[in-house]
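Some notes on the structure that comes next.
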Amino acid sequence: MSLPSPNGDIPQISRSANDLQKADHSGGDVLRIGRHEFQSRLLVGTGKYASMEETGLAVAASGAEIVTVAIRRSNIGQDPSQPNLLDVLPPDRYTILPNTAGCFDADSAIRTCMLARELLDGHALVKLEVLGDTKTLYPNVVETLKAARTLIDDGFEVMVYTSDDPIIAKELEAMGCVAVMPLGSLIGSGLGLTNPHTISLILENATVPILVDAGVGTASDAAIAMELGCAGVLMNTAIAAARQPVLMASAMKKAVEAGREAFLAGRMPRKAYAQASSPQTGYFFT
């Protein structure tokens, strides 16, 4: 029930939780990446799990529709004698997002994307990452820019992992990347968003989806990213390295959904001093 405001008007809530859920399923609040639309804003990786079975269970619990696969480290048909990851993550259920993890120069990243396109029957949506060194796994933005230009010219839809640099993010967007994915912190570190202000600067000028990629450690990290206004979050280790990966996958699903709803609702302003929760005027009883 809505209570009258002090001036007698009944406040109108623009979008209830139920309205948001209806919007999600009717296409009102979908995640659009290039030519594709998704209901889930959580993207998950497939590495570091104890078994194929656990991988499948965790991905299902996450509610993710986009599943990223390291082409250089996973078997999706290259070796028929080995278990095929696509047996537990069928492409008719999930959008497989090939990634170039393990590439340290533009040429190897480009070749990896071309291999993925061949293995996946012309699949064009890829996640580009070109790393700078093995200690930090920080992106090499010079090689990333080079690879992105070549791949876009060759017809790929490029989602790109990069540093949390607003200038680089804008350059990648301008050349035609369909999503820009700045790191929250170092890959696999679990440190969360170490510099949310720079993520906010990237979001301020973006016209393509911005998804935090790397560094998430627990559910609150994912919620913070979504509350900033990110279009989504990609994670792997935070789920796979948890004591109970399937349970953590479920927690991440809820965190991303809650963070998104909080962003759409609009948080209250921060204040330097206290303000009484009960109004000072307009009491019902005297």
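The values are calculated or read from the model by the stated rules, or taken from the named source; none is laboratory data. Since the structure is predicted, the reported quantities are computational estimates derived from the model, not experimental observations. Backbone-built Cβ (ideal geometry, glycine too); neighbour counts: all protein chains shown. We work out accessible area using only protein heavy atoms, side chains counted, and drop any ligands, DNA or RNA first. Shrake-Rupley method; radii C 1.70, N 1.55, O 1.52, S 1.80 Å.
Take residues that are over 20 Å from Ser62 (Cβ atoms) and tell me which of the strands (runs of 3 or more DSSP E) falling wholly in the stretch 154-271 contain 3 or more.
Of the strands (runs of 3 or more DSSP E) lying wholly inside the stretch 154-271, those with at least 3 residues that are over 20 Å from Ser62 (Cβ atoms) span 157-162.
Is it the case that the stretch 13-23 has a residue that's in a loop (DSSP other than H, G, I, E, B) and at pLDDT 85 or above?
No, every residue in the stretch 13-23 fails to be in a loop (DSSP other than H, G, I, E, B) and at pLDDT 85 or above.
Answer yes if at least one residue in the stretch 102-109 is small (Gly, Ala, Ser), without any contact (Cβ under 8 Å) to a residue 40 or more places away in the chain and assigned to a loop (DSSP other than H, G, I, E, B), and no otherwise.
yes
Among the residues of the stretch 221-243, is there at least one that is of a type in the set (Asp, Glu) and farther than 28 Å from Ala101 by Cβ?
No, the stretch 221-243 has no match at all.
For the stretch 214-227, which residues satisfy the criterion of being open to solvent by less than 10 Å² (accessible area, probe 1.4 Å) and not hydrophobic (A, V, I, L, M, F, W, C)?
The one that is open to solvent by less than 10 Å² (accessible area, probe 1.4 Å) and not hydrophobic (A, V, I, L, M, F, W, C): Gly215.
Name the one entry in Ala50, Ala58, Ala64, Ala147 that is over 19 Å from Leu234 (Cα atoms) and open to solvent by less than 10 Å² (accessible area, probe 1.4 Å).
Ala147
Please tell me if Ile167 is touching a Leu at 6+ places or on another chain (Cβ under 6 Å) and either among the aromatic types (Phe, Trp, Tyr) or open to solvent by 50 Å² or more (accessible area, probe 1.4 Å) (or both).
No: the conditions fail for Ile167.
Within the stretch 244-269, can you find the residues that are within 14 Å of Asp29 (Cα to Cα), touching a residue at least 60 places away in the same chain (Cβ under 8 Å) and open to solvent by less than 50 Å² (accessible area, probe 1.4 Å)?
Passing the criteria: Val256, Arg260.
Since Met114 meets every condition but one in (1) assigned to a helix (DSSP H, G or I); (2) over 23 Å from Ala148 (Cβ atoms), which condition does it not meet?
Status for Met114: all satisfied but (2).
crowded, with 18+ Cβ neighbours inside 10 Å, within 13 Å of the chain's Cα centre (by Cα) and in contact (Cβ under 8 Å) with a residue 12 or more places away in the chain, is that true of Ala206?
Judged against the criteria, Ala206 is not a match.
Only one of Thr218, Thr286 is at pLDDT below 95 and over 24 Å from Pro166 (Cα atoms); which?
None of the other options fit; the residue is Thr286.
Suppose we keep only residues that are out of contact with any helix residue (DSSP H, G or I) (no Cβ under 8 Å at 6 or more places or on another chain) and either in a helix (DSSP H, G or I) or in contact (Cβ under 8 Å) with a residue 40 or more places away in the chain (or both) within the stretch 81-98. Which one would you say is least open to solvent (accessible area, probe 1.4 Å)? Steps first, please.
Restricting attention to the stretch 81-98, the residues satisfying the condition of being out of contact with any helix residue (DSSP H, G or I) (no Cβ under 8 Å at 6 or more places or on another chain) are 81-82, 84, 86, 90-93, 95, 97.
Filter again for either in a helix (DSSP H, G or I) or in contact (Cβ under 8 Å) with a residue 40 or more places away in the chain (or both), leaving 86, 95, 97.
Working: Leu86: 31, Thr95: 37, Leu97: 0 Å².
Result: Leu97.
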